[in-house]
Structures are given as structure tokens and as C-alpha cells.
Amino acid sequence: MHKKVLVSNRSEIACRIFQTCREMGLKTVGILAPGDEEARHITYADEVYPVSGYLDISSVIEAALKSKASLIHPGYGFLSERPAFARAVEKAGITFVGPRAETMELMGGKIAAKELASREGVPTLPWAKIERGGDILSAAKKVGFPLLLKASAGGGGKGMRRVNRVEELSEAAESASAEALSAFGDGTLFLERLVDHPRHIEVQVFGDGKGQGVHLFERECSLQRRHQKVWEEAPAPHLPAQTREGLLSAALRLVRATQYRNAGTLEFLVDSSGEFYFLEMNTRLQVEHPVTELVTGVDLVWAQLTHAMSPLEKVFSDPLSVRGHAIEVRLYAEDPSQGFIPTPGKVERLRWPTGTGIRVESGIEEGQTVGTQFDSMLGKLIVWAPHRKAAVERMKFALEETVILGLGTNQNYLLSMANHPSVIEGRVDTGFLGKEFGGFAPVPSTEDFELLLTAKKQGLSGSKLQWNTSSTTSQVPSPWEYFANGRRN
Amino acid sequence: MAGVKISGKKTSLPSLDEKKWKITQRPGGWLIAESADGIRKRFALDEKRGKFSASLSGYLWNGEWLVEDRNSGKAGGRDDGDLTAQFPGKVRKILVRDHDSVQEGDTLLLIEAMKMEFAVRAPSTGKILRVLVQEGQQLLPGDRFLEMEA
């Protein structure tokens with residue numbers, strides 16, 4: 001009988017997985033890599049084991065064996081899509097919460113995945129491999145311009161470069177290959193035709209490992225900066241019914257063809273005429289999974305653990321449907337008005353929004369120092385509302401009520417997005433953020449400056465503003481003085 | 001106080017009527033400002049060693065107060081923050097040489113950090129005096145990339 005789960009991840013996603021584990025009566029084991037001592041998941045885990053690094057397979061397995069965990073949930077990133085890890089987990093007699101290693105290998109190589117999609121009658125973009133020492137120029141001419149150089153071994157925007165003309169090709173290839181080599185240990189690139197003004201639409205799926213599966217509808221993730229998602233939503237707004245049906249049925253065909261097991265996501269590009277093209281499959285839980293959870297009412301981590309613990313049981317017995325609209329934004333310790341440079345620092349003050357239809361996945365605690373050693377995502381804000389317009393208003397409210405002081409964040413950028421007419425209307429493509437927010441350099445209003453200066457002059461700016469101590473820097477008498485003197489200030 | 005930098009950019013301050021806003025503290029670290037003509041605004045502020053973080057009208061801002069540089073008579077502050085490493089990384093490519101003239105915004109070097117690439121741009125128009133780093137060099141926070149004069 002399964003009693004304990006080791007989560008081979010950190011921060012926000014580890015904490016999110018812990019919640020479902022606890023609700024299912026499973027003990028939680030967290031792992032701690034050097035340098036991550038202040039991380040939030042270390043506070044909340046039932047047990048903590050040290051590892052030499054989050055990517056160290058043998059160290060993670062050793063921790064699992066020591067803890068006697070019978071399940072490992074990999075979260076996203078790190079080892080979640082490493083076939084060698086999935087294999088090592090199974091070999092150690094532990095259940096891996098996710099797809100089979102073979103599926104990761106098949107769908108993890110973007111080229112093999114495209115070939116499989118074509119065999120299943122799922123449209124893909126014109127593309128070409130670049131063989132080692134091969135002729136990049138003739139491959140590029142075959143694919144056509146504009147094109148995208150992409151890393152064969154990974155995603156997240158790393159190793160990606162847009163090339164508009166043949167003259168730009170060789171420098172872009174050098175830069176992309178170097179970045180891919182650094183990020184994934186493999187500098188191999190492939191070329192893919194670029195669709196202008198595409199929408200990035202993905203489908204959440206869940207397979208039983210025997211060829212059957214369900215979809216949990218789609219998400220739109222077109223608001224991206226340099227191919228990194230910033231704002232995601234479910235369902236995709238203004239999507240033609242025919243396109244939606246095509247995407248959902250294509251996703252199920254791929255689940256069947258791969259005999260997919262557990263949760264996964266199929267990513268597509270949709271062009272302005274509603275035609276869609278398969279991009280890749282992510283054989284893991286995704287960062288933006290909460291928007292699907294909020295519109296379908298399904299706890300995806302619950303589904304993952306349930307299937308992993310009882311693979312013969314049917315996970316979804318009730319029909320699934322979409323209700324309302326959900327939006328997620330990612331908060332990062334970076335400054336968009338300074339070229340998105342990382343802005344590490346100490347979280348002096350932290351206040352997350354609360355209220356109806358608001359969900360927060362936090363990766364930080366007040367008093368924690370956020371460095372540059374690990375991912376700089378501070379947390380996710382997710383909102384749900386009965387329809388999209390209300391969800392956008394709710395996201396504005398949630399962002400306005402997010403207070404993170406002591407380090408730079410992209411909150412200002414996200415709130416500016418929530419106030420942009422095209423975002424409010426829900427008609428954006430993947431080029432939108434780069435174009436509309438390219439020179440983002442906001443300045444506070446005169447009134448806001450006045451508040452800042454007045455507070456500064458009165459000595460009210462300080463890291464400890466305490467209500468019930470008689471602080472000599474405060475202009476406001478303490479409550480004890482107030483009541484004692486019986487006078488109004 | 002000579003001025004302020006918001007998100008690394010020097011910004012001019014409005015003239016201030018110190019009596020316009022009455023500020024009180026609320027539990028939870030909030031400040032409420034009230035003006036004579038009935039405007040009420042909620043905000044939050046944190047300051048440490050001349051750097052501040054604020055929530056103003058719902059937006060988060062980060063900046064620093066600039067103090068008079070008595071020696072030069074110009075507003076100082078950490079201008080050289082523009083040309084020093086803010087985080088660990090590696091110099092991937094240097095695009096300028098000693099004595100080159102550059103325009104504000106020109107890319108000077110490319111840094112590889114956290115598996116991404118960052119461009120360091122000229123904070124103002126001027127001339128490169130001396131490039132202080134080499135391609136492939138590992139950088140620590142505080143390392144200076146180059147010297148230039150405006």
C-alpha cells in the first residue's frame with residue numbers, strides 16, 4: 001500500500017504537489033540541494049533528505065530509498081522528462097508518477113515526435129534536421145523563410161532564434177547552438193518554418209497507458225516573451241469550433257499512438273485562418289496546469305497519483321467539461337524594463353492576494369533571499385471567473401494586491417498587460433508581447449511620486465512598520481497612547 | 001537627496017508640497033495617504049540602504065535614492081551599476097574595443113547566465129576607454145565590464 005511520495009523538485013511546484021499528497025493521506029518527502037536551504041518546500045515537507053543536486057539521479061534515488069517512499073513525483077523541469085531517471089526509479093522498485101521512459105524518449109526528441117505526428121495524420125510545419133557538419137543553408141532553403149532555429153534536445157526558449165533572411169543564418173545558428181549546448185548538453189539544432197502571428201494552443205491529456213485516454217480541453221499560451229510563457233488561460237478565447245475539435249481529436253490520436261500513460265500536453269500553433277500544426281509533446285505536468293484544473297474542477301496531481309497507485313482503475317468516470325474562464329500569470333524576480341535582468345534580493349515584505357476566485361502557488365516566504373542559483377519564479381497567480389472579461393478584471397485585482405518588496409519583480413509588466421486592450425479582448429499572438437511591450441519603461445505618476453517623497457521625508461519608509469510598538473520613527477502614536485490620552489490624532 | 005533612479009533609470013522628481021498628503025500607518029504594513037481635497041490612496045513602502053521597493057496604485061516599483069556626490073557636484077548614486085555584473089555569468093562575446101565610440105543602447109557585450117543570454121547595453125552615448133574583461137571569463141557580481149566616458 002502506498003504511503004509516501006518523494007517529490008524530486010523544489011519551491012512552488014513541490015509545495016503544490018505536497019498539498020494533494022496530504023489530502024490523499026500520503027506522507028511527503030522533500031529533497032534539499034546545497035544552496036536551497038531557505039526554499040519553501042523544505043519548510044512544508046514531512047521529511048527532508050539532502051541530495052547533491054536536483055539533477056543528480058543516483059542521489060535522488062538514494063534519498064527515496066532511505067525515506068522508503070514508494071512513489072516519486074518529478075514535478076516539471078529538472079528530471080521530469082529524463083528517460084534515464086524514469087528508468088532508474090522503476091529499477092529501484094519505486095513507482096514513477098508520469099509516463100514511461102520509452103514515451104519520453106519517443107516524444108522528447110522533437111524530430112521523432114514530428115515524424116510520429118505526420119504518421120497519425122496530424123499536420124506539422126515544414127521542417128528540416130541539421131545533420132552534424134551538414135549544409136544548414138540548403139536545409140534552410142528547403143524549409144523557407146522566415147524560420148526558427150530550435151534546439152532538438154529541449155525547450156523553454158533556450159537555443160531558439162528567429163531567422164528572417166539567409167544572411168542572418170550563420171550567426172543565429174552559432175548563438176543558438178551555444179545556448180542549447182549550455183542548457184541541455186546538446187547543441188543539435190533543427191529548422192522549422194515560422195508561422196506569422198501564430199497562437200500557441202496546447203491540449204491537456206491523460207492516458208491510461210494502454211491506448212485510451214481523455215483530453216481536458218485546451219489552454220492558450222500566446223503571451224510569451226522570447227518563447228517563455230508569461231500569461232496563460234483556459235479555455236482559448238475566440239477559437240473556431242472546428243479548430244478546437246481538430247486540436248482535441250489530434251491530441252487523442254497521439255495519446256493512442258503513443259499508448260500514453262499519465263498526464264501530458266500536446267502543443268500546437270494555430271495560424272490566423274484557424275489551421276493548426278503540431279509542435280511538440282511535453283511528457284510531464286506543466287507549469288500552467290492550474291488553469292485547466294480551475295475550469296474542469298479536476299485536480300491533475302490527484303489524477304496523476306491515483307493512476308500511479310492504481311493503474312488498472314479508471315481515473316475519470318464522470319464526463320469532463322469546461323466551466324468559466326481561468327488565467328494564470330507567472331511572477332519572476334526580474335526587471336522587464338531593464339531587459340529582464342535577474343533582480344535577486346531579500347523578500348522584505350510579502351503579501352499574496354486573497355479573495356473569491358483567487359489561487360496562489362507561492363515559491364517564496366517573507367524573509368527569504370532569492371538568488372540566481374535556481375529558477376527565479378517567485379510564484380503564480382491564478383484566477384477563475386464565470387467568463388473571460390470577469391477573469392481579466394479579477395487578475396488585475398489579484399496583481400494589484402500582490403505586494404513583494406525588497407527585490408525587483410515583473411509585477412508591473414504583468415499588470416500593464418492586464419490593462420492592455422488587446423489582452424482584455426483576448427486577441428493576441430505569440431509576437432504580441434515582444435512588439436507591444438518591447439520598450440517597456442514605466443514611470444510612476446506624479447501623485448505616486450508625491451506619496452513616495454512624502455513618506456520618505458516623514459521617515460515612514462522602513463523595513464519594519466509596526467503598528468503596536470512605540471516606534472520613534474513613526475508619526476502615528478501607538479494605540480496605547482491613543483487610548484490613554486483619549487484624543488484623536 | 002539629489003534625485004531618484006527607478007528601475008535603473010534616472011527620473012526627475014516633481015516639486016513637493018509637503019503638506020499635501022497626510023500619511024497614516026495601517027496594520028499589515030500599509031500606508032494610507034489622504035489629501036485635503038478628499039483623495040485617499042493606499043500604498044506600501046520598504047527601504048534599505050538607499051534602495052526602496054514600493055506598491056503604488058497597485059504597481060510594484062523598485063529604485064534607489066540618489067545622493068549628492070560632493071566631490072563632483074553631480075548627482076551620483078550607483079551609476080556604475082550599469083557596467084558591472086549584477087549576477088554571476090560568463091562573457092560570451094565582446095562587441096566593442098578600446099576607444100570605440102558608442103551610442104546609448106548599443107550592445108557592448110553578451111553574457112551567458114542561468115542558461116540564457118543577456119545583452120549589456122551602453123547606458124549613454126560616449127567612448128569606450130578600456131574593456132576590462134575577456135571572452136570566456138567567469139563573472140562575479142560586482143565585476144566591472146569596461147570603463148567608458150560619456
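Considering only alpha-carbon pairs that sit under 8 angstrom and 6 or more positions apart, the relative contact order computed for chain A is 12 percent. When Cβ neighbours within 10 Å are restricted to other protein chains, what is their mean count per residue of peptide A:438-449? Mean inter-chain Cβ contacts per residue within 10 Å come to 5. Rank B:Ala54, B:Phe145, B:Leu109 by how far each Cα sits towards the positive end of the charge dipole of chain B (+1 on Lys, Arg Cβ; -1 on Asp, Glu Cβ) and give me just the farthest. Result: B:Ala54, furthest along the dipole toward the positive end. Sorting the segments A:148-156, A:421-429 by their residues' average number of neighbouring beta-carbon atoms within 10 angstrom, most packed first, yields A:148-156, A:421-429. Computed from protein heavy atoms with a 1.4 Å probe, the total accessible area buried between A and B is close to 5600 Å².
For A:76-89, what's the mean count of beta carbons from other chains sitting within 10 Å of each residue's beta carbon?
Averaged over the peptide's residues, the number is 0.
Shielding value for B:4-11 is 5, the average number of Cβ atoms from other chains within 10 Å of each residue's Cβ.
May I ask you to work out the translational diffusion coefficient for chain B at 10 °C, viscosity 1.306 mPa s, via Stokes-Einstein with Rh from the Kirkwood sum over Cα pairs, reported in whole µm²/s?
For these conditions, the coefficient is 87 µm²/s.
To the nearest ten degrees, helix A:110-119 and the longest principal axis of the Cα atoms of chain A are 60 degrees apart.
Accessible surface for the protein assembly as shown, divided over its residues, is 44 Å² per residue with a 1.4 Å probe. Atom-type composition of the exposed protein surface of region A:1-93 places 53 percent of the accessible area on carbon and sulfur (1.4 angstrom probe). Would you mind checking region A:386-417 for residues with the amide N under 17 Å from a putative spin-label position 7 Å along Cα→C-beta of A:Arg226? Residues A:409-411, A:413-414 qualify, since their backbone N sits under 17 Å from the label point. Quick one: which bits of region A:341-388 get at least 20 Å² less accessible when the partner protein chains are in, versus the chain alone, with a 1.4 Å probe? By number: A:Ile341, A:Pro342, A:Glu348, A:Arg349, A:Arg351, A:Thr372.
Cross-link reach is defined here as a Cα-Cα straight distance under 17 Å, omitting same-chain residues fewer than 8 places apart; for A:Lys435 the lysines meeting it are A:Lys229. Burial annotation for region A:175-205: residues with an accessible-area loss of at least 10 Å² between the isolated chain and the complete set of protein chains, computed on heavy atoms with a 1.4 Å probe, are A:Ser175, A:Ala178, A:Glu179, A:Ser182, A:Ala183.
The dipole here belongs to region A:147-254: it is taken about the Cα centre, uses +1 on the Cβ of Lys and Arg and -1 on the Cβ of Asp and Glu, and is about 120 debye. DSSP bridge analysis restricted to the protein assembly as shown gives an antiparallel fraction near 90%, rounded to the nearest 5. Among the aspartates and glutamates, which fall within straight-line cross-link reach of B:Lys19, defined as a Cα-Cα distance under 18 Å, with same-chain neighbours fewer than 8 residues apart omitted? List returned: A:Glu447, A:Asp448, A:Glu450, B:Glu34, B:Asp37.
In the Gaussian network model of chain B, springs joining C-alpha atoms below 10 Å, which of B:Ala122, B:Ala36, B:Ala44 carries the largest mean-square fluctuation? Looking only at B:Ala122, B:Ala36, B:Ala44, the biggest GNM fluctuation is shown by B:Ala36.
Considering only protein heavy atoms and a 1.4 Å probe, what is the carbon-and-sulfur percentage of the accessible area of region A:263-342? Carbon plus sulfur share of accessible area: 49 percent. Estimated purely from DSSP H runs of n ≥ 4, each contributing -39500 (n - 2.57), the mean residue ellipticity at 222 nm for chain A is -10000 deg cm²/dmol once divided by its residues. Evaluated over region A:109-167, the count of Lys pairs having alpha-carbon atoms less than 18 Å apart is 13 (only pairs 8 or more residues apart or interchain).
Taking a sphere under 12 Å around the Cβ of A:Ala86 and counting the other residues whose Cβ falls inside, with K and R at +1 and D and E at -1, yields a net charge of +2. The value for region A:14-121 of Rg(Cα) / (2.2 N^0.38 Å) is 1.19.
Between the Cα long axis of helix A:388-400 and the first principal axis of chain A there is an angle of about 50°, rounded to the nearest 10.
The values are calculated or read from the model by the stated rules, or taken from the named source; none is laboratory data. Predicted, not measured: the structure shown is a model, and the values here were computed from it. We place every Cβ from the backbone using ideal geometry, glycine too, and count neighbours over all the protein chains shown. Calculation scope for accessible area: heavy atoms of the full protein, side chains included, ligands and nucleic acids excluded. Shrake-Rupley method; radii C 1.70, N 1.55, O 1.52, S 1.80 Å.
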